[in-house]
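A short write-up of the structure that comes next.
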Amino acid sequence: MADKQISLPAKLINGGIAGLIGVTCVFPIDLAKTRLQNQQNGQRMYSSLSDCLIKTIRSEGYFGMYRGAAVNLTLVTPEKAIKLAANDFFRHHLSKDGKKLTLLREMLAGCGAGTCQVIVTTPMEMLKIQLQDAGRIAAQKKLMAAQAQLSSSPAAAAEPAVETRPTATQITRELLRSKGIAGLYKGLGATLLRDVPFSIVYFPLFANLNKLGQKDPNVKAPFYVSFLSGCVAGSTAAVAVNPCDVIKTRLQSLQRGVNEDTYSGILDCTKKIWQREGPTAFFKGAYCRALVIAPLFGIAQVVYFVGIAEFLLDMLPKRRA
């Protein structure tokens, strides 16, 4: 983040506010990204971002685009708060007497932030992906059932089964019952593989882009510079680690569509995607992810600039000594 010195509670509140605003604005695009990444060759339900959103609205209604949003809105506050506050913490302790951080130290600070955030990110992504992808699997089953009815006699056609979709609470209970806490942390390695490199790229890139807008080293950059720097750094980092995001999404999906591959781990997933779908499959949903991350982190910079948290904390009555 910017070099602005603010208290830890303010950092946590700022990160939470930024996450809540960002998720609310871009969640439908994130849902489309998950569905595009999970569909495999021969089982394609959607051809693009717009096609996915249109079909989702037609089959599930407007609020179908926000399936899984409750999980994100609940956990994005601690996730973003940990990420942003941890980066500031590591930058502070890696700096020598207030001197400018080297690029290597900036990358180390980002690495520390990415490592810390997976405590919340992994279970959040695990639950969110199940809820987001449920509509794709249901639509695929309906399509297969319709095709089966067309190829069979009307008398032999069975009534379509009523599709029931689990809630986040039901998924959590089942995972805890069957696999314990480890069930919620399925795909932890893949999440680290995505989030650590993301933070290594994002935070140094943002810091250096933001400095370009500072006329004086002692004066913070204008808020629009911070916003644009966050957008550029966020989208760049998002596209750079998209192959890791595809692997993570595939590994964390508990339900599979018809004839879709299953994976035993990161290497097995990477090998099967490369062999059966080609190298371009690793960039499925890349533009969706860039569209999600860019405003999310751009908003985060604006929230930090405005200092909403500091204003709220100042409004609280001071306790007497």
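Laid out as a table, the results:
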{"item": "Cα-centred dipole magnitude for the range 158-266, charges only on beta-carbon of K, R (+1) and D, E (-1), debye, nearest 20", "result": "360 debye"}
{"item": "LYS99 paired with GLU277, simple spin-label distance in nm, labels 7 Å along Cα-to-beta-carbon", "result": "4.7 nm"}
{"item": "Accessible area of MET107 in the full protein assembly, 1.4 Å probe (Å², nearest 10)", "result": "70 Å²"}
{"item": "Shape category assigned to the range 17-134 from the gyration tensor of Cα positions, a/c cut at 1.5", "result": "prolate"}
{"item": "Virtual spin-label span in nm between PHE223 and ALA182, 7 Å along Cα→Cβ", "result": "4.8 nm"}
{"item": "Most positive-pole-ward Cα, MET45, GLY61, ASN72, against dipole of the range 36-104 from beta carbon charges", "result": "ASN72"}
{"item": "Overall Cα dimensions of the range 71-148, principal axis frame, Å, largest first", "result": "71, 24, 13"}
{"item": "Segment LYS215-HIS92, length gained on full extension (0.36 nm per residue, minus Cα span)", "result": "42.0 nm"}
{"item": "Gain on full stretching of the segment that runs from ASP51 to SER151 - 0.36 nm per residue minus C-alpha separation", "result": "33.3 nm"}
{"item": "Cα centroid of the range 268-298 to Cα centroid of the range 176-197, whole Å", "result": "19 Å"}
{"item": "Accessible area, probe 1.4 Å, largest first, for residues LYS96, LYS55", "result": "LYS96, LYS55"}
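The values are calculated or read from the model by the stated rules, or taken from the named source; none is laboratory data. Since the structure is predicted, the reported quantities are computational estimates derived from the model, not experimental observations. Cβ: placed from backbone, ideal geometry, glycine included. Neighbour counts: every protein chain shown. Each accessible area value is taken on the protein alone, full model and side chains, heavy atoms only, with ligands, DNA and RNA left out. Shrake-Rupley method; radii C 1.70, N 1.55, O 1.52, S 1.80 Å.
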